[in-house]
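I have placed the structure first, in the form of structure tokens, so that the comments after it can refer back to it.
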Amino acid sequence: MTAEQLSKVIIKGMEEKKASNIVLMDLRNIKNRFTDFFVICSGNSDTQLDAISDSIEEQVSKAGESKPWRTEGKSGKQWVLVDYVNVVAHIFLKDQREFYGLEELWGDAKITRIG
């Protein structure tokens, strides 16, 4: 599965659990990048963050891909990162997303707003 296809599966997992403000960031043309895509979304509660991350893993598994290389932040419940190497999903509580400002930090990326 290509990184683009994997991004779409991750977006589906986010949409299944009503994630808001989903953004796909294409980093492939950025020098010194460590992944091809970021998929970023917001959730309203720590429970929703858990549900979104579980849904992403479930959708990716259904699509025939293996488990993420790394998952971080599930215990903190403010920013969950699900790392599939070529695609990294970021699931934020809304205020944490504004605080960290990944979209601004990687401002040279091609950004597609999903919902």
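Using 0.36 nm per residue, how much length does the chain from GLU4 to ASP54 gain when fully extended, once their Cα-Cα distance is taken away?
Working: separation 50, 0.36 × 50 = 18.00 nm, distance 2.02 nm.
Computed gain between GLU4 and ASP54 is 16.0 nm.
Would you please name the chymotrypsin sites (Phe, Trp or Tyr not before Pro) within the stretch 1-68 that are DSSP coil residues with at most 10 other C-beta atoms within 10 Å of their C-beta?
For chymotrypsin sites (Phe, Trp or Tyr not before Pro) across the stretch 1-68 that sit outside H, G, I, E and B with at most 10 neighbouring Cβ atoms in 10 Å, the list reads PHE34.
Just to verify a number: FRET efficiency for SER20 and ASP108, C-beta to C-beta distance, R0 = 25 Å, to 0.05?
That pair, SER20 with ASP108, gives E of 0.55.
Apply the Karplus curve 6.51 cos²θ - 1.76 cosθ + 1.60, θ = phi - 60°, to the phi angles in the stretch 95-107 and return the couplings in whole Hz, x for Gly and Pro.
Whole-Hz 3J(HN,Hα) from phi for the stretch 95-107: 5, 5, 4, 5, 4, 7, x, 4, 4, 6, 4, 10, x.
Using unit Cβ charges (K, R positive; D, E negative) and no other charged atoms, how large, in debye to the nearest 20, is the dipole of the stretch 3-113 about its Cα centre?
With Lys and Arg at +1 and Asp and Glu at -1, about 140 debye.
Of all DSSP beta bridges in the chain, what percent run antiparallel (nearest 5)?
Looking only at bridges with both residues in the chain, the antiparallel portion is about 70 percent.
Would you work out which of GLY76, GLY43, ASN29 lies farthest towards the positive end of the dipole of the stretch 3-113, given +1 charges on the beta-carbon of Lys and Arg and -1 on that of Asp and Glu, about the Cα centre?
Result: ASN29.
Using the Karplus curve 6.51 cos²θ - 1.76 cosθ + 1.60 with θ = phi - 60°, what ³J(HN,Hα) values do you get for each residue of the stretch 50-60, in whole Hz, with x for Gly and Pro?
Per residue, the Karplus-derived 3J(HN,Hα) values read 4, 4, 5, 5, 5, 5, 4, 4, 5, 5, 5 Hz.
HN-Hα J couplings of the stretch 29-43 from phi, Karplus 6.51/-1.76/1.60, θ = phi - 60°, integer Hz, Gly and Pro as x?
Coupling constants for the stretch 29-43: 9, 9, 5, 6, 6, 10, 8, 8, 9, 10, 10, 10, 8, 10, x Hz.
Expressed as a rounded percentage, what relative contact order does the chain have, with Cα pairs under 8 Å and six or more residues apart?
Over the chain, the number comes to 33 percent.
Consider just the alpha-carbon atoms of the chain and return their Rg together with their Dmax, both in angstrom.
12.8, 36
The numbers here are math on the coordinates, done by the rules we state, and not lab data. This structure is a prediction, so every number in the text was calculated from the model and none was measured. So basically every Cβ, Gly included, is an ideal-geometry build from the backbone, and we count neighbours across all protein chains shown.
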